[in-house]
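Remarks on the structure that follows.
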Amino acid sequence: MRLDIYKNNRKKTKESGFTLVETLVAVGILSLSILSTFTTVQSGLQNSTTAKDQVTAFYFIQDSMEYIKNKRDENALNAVSGISTAWLSGLAADPSDPCYFGKICRIDSYVGTGPSAVVDCQNDTGNVCQNLRRDMDSESPTFGLVGYDSDWTATNFKREIWFTQNSFDDVLVTIRMSWTSRGVPKTFQVTQLLMNRQ
């Protein structure tokens with residue numbers, strides 16, 4: 001009778017526990033599921049950084065286009081007021097203008113108006129536009145603003161603008177943003193038709 005009890009106890013022990021192989025397989029499956037979760041999270045973070053850079057580039061392009069349209073409209077108002085002004089004056093009206101056809105220029109909308117707001121990149125830095133700069137001094141009244149102030153911190157973004165003659169009453173304005181994201185060069189470019197409002 002003792003032999004029967006021993007066999008039954010031994011049989012129950014074999015059936016009720018995990019073997020080492022089963023435990024290793026379970027740990028392997030669990031490790032793979034955790035690893036795939038971390039990979040998905042890392043990919044999501046990389047995609048969000050890329051999307052953030054693209055949105056930032058879009059806003060920098062929009063900022064320049066708004067400046068150009070504002071300058072065109074200002075010239076139209078001057079013409080209505082009797083001040084003789086070409087519709088692209090200060091941008092691309094004659095060869096001395098910084099964005100004249102064939103030139104690459106940059107616009108510093110923070111400066112506002114005046115000769116330092118629009119600059120020919122060739123005269124500025126040898127045909128290469130500088131990277132945009134941001135005021136990172138939290139005590140400064142201009143904290144967070146973006147422009148080309150040499151005291152501000154350089155960003156990763158470069159903005160280049162050029163005009164192409166389309167007809168007498170309109171031009172094509174091209175704005176290209178360049179930056180590097182995780183060691184990979186990225187470019188975002190927009191071309192828009194700008195019409196004469198005079």
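The values are calculated or read from the model by the stated rules, or taken from the named source; none is laboratory data. Just so it is clear, the structure is predicted and the values come from calculations on it, not from any experiment. Note: ideal-geometry Cβ built from the backbone for every residue, glycine included; neighbour counts use all protein chains shown. Please note that ligands, DNA and RNA were not included when accessible areas were found on the heavy atoms of the full protein model with its side chains. Shrake-Rupley method; radii C 1.70, N 1.55, O 1.52, S 1.80 Å.
Remark: relative contact order (segment 62-196) = 17 percent; criterion is Cα-Cα distance under 8 angstrom and separation of 6 or more residues.
Per the Debye formula on identical point scatterers at the alpha carbon atoms of segment 130-187, with no solvent, log10 I(q)/I(0) at q = 0.13, 0.16, 0.21, 0.28 Å⁻¹ is -0.49, -0.65, -0.83, -1.04.
Mind scanning K71/K158; K71/K186; K69/K103 and naming the pairs with a C-alpha gap bigger than 24 Å? Exceeds cut-off: K71/K186.
Could you compute the FRET efficiency for T37 and V184, with r as their C-beta to C-beta distance and R0 at 30 Å, rounded to 0.05? Kindly include the intermediate steps, with their values, before the conclusion.
Values: r = 25 Å, r/R0 = 0.84.
Result of the calculation: an efficiency of 0.75.
For the chain, the longest principal axis of the C-alpha atoms and the axis of helix 2-16 are separated by about 10°.
Neighbours of P185 by Cβ distance under 13 Å: Lys/Arg scored +1, Asp/Glu scored -1, total +3. Other residues with beta-carbon under 13 Å from the beta-carbon of D73 carry, at +1 per Lys or Arg and -1 per Asp or Glu, a net charge of +2.
Ligands, DNA and RNA are left out, and with a 1.4 angstrom probe the accessible area of the chain is 65 Å² per residue.
Subtract the Cα-Cα distance of N131 and S48 from 0.36 nm times their separation in residues, and report this length gain in nm to one decimal.
On the way: separation 83, 0.36 × 83 = 29.88 nm, distance 2.26 nm.
Extra length from N131 to S48 when fully extended: 27.6 nm.
Please report, as a whole percent, how much of the solvent-accessible surface of segment 52-168 comes from carbon and sulfur atoms (probe radius 1.4 Å).
Values: 3190 of 6270 Å².
Here carbon and sulfur together make up 51 percent of the probe-accessible area.
Nearest 10 degrees is fine. How inclined is helix 20-80 to the longest principal axis of the chain, computing both from alpha carbons? Orientation of helix 20-80: about 10 degrees from the principal axis. Each residue, I29 and N70, gets one label point 7 Å from its Cα in the Cβ direction; the gap between the two is 6.3 nm.
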